[in-house]
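Note sheet for the following structure.
The values are calculated or read from the model by the stated rules, or taken from the named source; none is laboratory data. From a predicted model like this one, the values you see are computed outputs, not experimental measurements. Cβ: placed from backbone, ideal geometry, glycine included. Neighbour counts: every protein chain shown.
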């Protein structure tokens, strides 16, 4: 009888720990479905400043290179080219569907560069509030190995109300991207209590 009771208490504690851990992080996109939408029902894709300019582009594809090593999982590869005689910028957008970020304090994701194609060592991340006002942060020190990036919310200085976020954006531009063409992988975009 004591053994059964002890077993039940251990199981209850394990379940409670899982629930508490889940509350520490909200996965926005793990890309493991290999398709749209993201984990909270939001669409995503790539954008180009000037779709008529063939000297600049952004492309997206799902890759079976998961940041956490899940053999059935995916990440996305973003191929970019801002090597243009014209002002050039493009990137990736993801709808956040008004998600309430107020219980969290950080944006996290995994990133790595493509060693064969080359990659920029820095890029711009933007979050947009419910009024679609962008707030930017530059991520640096990108390598060809998966690494977790954690950006505290206070780095996004233009966002005052975290109760309803509209969009997550990655920007490649002719000022920050060096080299001006290449590819990066992104995975596990999340809101976290870091």
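Need a quick list: strands (runs of 3 or more DSSP E) entirely within segment 36-151 having at least 1 residues that are in contact with a helix residue (DSSP H, G or I) (Cβ under 7 Å, 6 or more places away or on another chain).
Numbers: elements: 44-48, 57-63, 75-81, 89-99, 106-113, 123-129, 134-139.
Where strands (runs of 3 or more DSSP E) fall fully within segment 36-151 and carry at least 1 residues being in contact with a helix residue (DSSP H, G or I) (Cβ under 7 Å, 6 or more places away or on another chain), they are 106-113, 134-139.
Answer yes or no as to whether residue 130 is surrounded by fewer than 18 Cβ atoms within 10 Å (Cβ to Cβ) and free of Cβ contacts under 8 Å to residues at least 12 places away in the same chain.
Details: surrounded by fewer than 18 Cβ atoms within 10 Å (Cβ to Cβ): yes; free of Cβ contacts under 8 Å to residues at least 12 places away in the same chain: no.
It is false that residue 130 is surrounded by fewer than 18 Cβ atoms within 10 Å (Cβ to Cβ) and free of Cβ contacts under 8 Å to residues at least 12 places away in the same chain.
Within the bounds of segment 153-167, is there any residue that is over 21 Å from residue 24 (Cβ atoms) and assigned to a strand (DSSP E or B)?
Looking through segment 153-167, at least one residue is over 21 Å from residue 24 (Cβ atoms) and assigned to a strand (DSSP E or B).
State which residue pairs qualify: first residue under 11 Å from residue 194 (Cα atoms) and inside segment 146-163, second residue at pLDDT below 95 in any location, beta carbons under 8 Å apart, and separation of 6 or more residues or different chains.
150/194; 152/194
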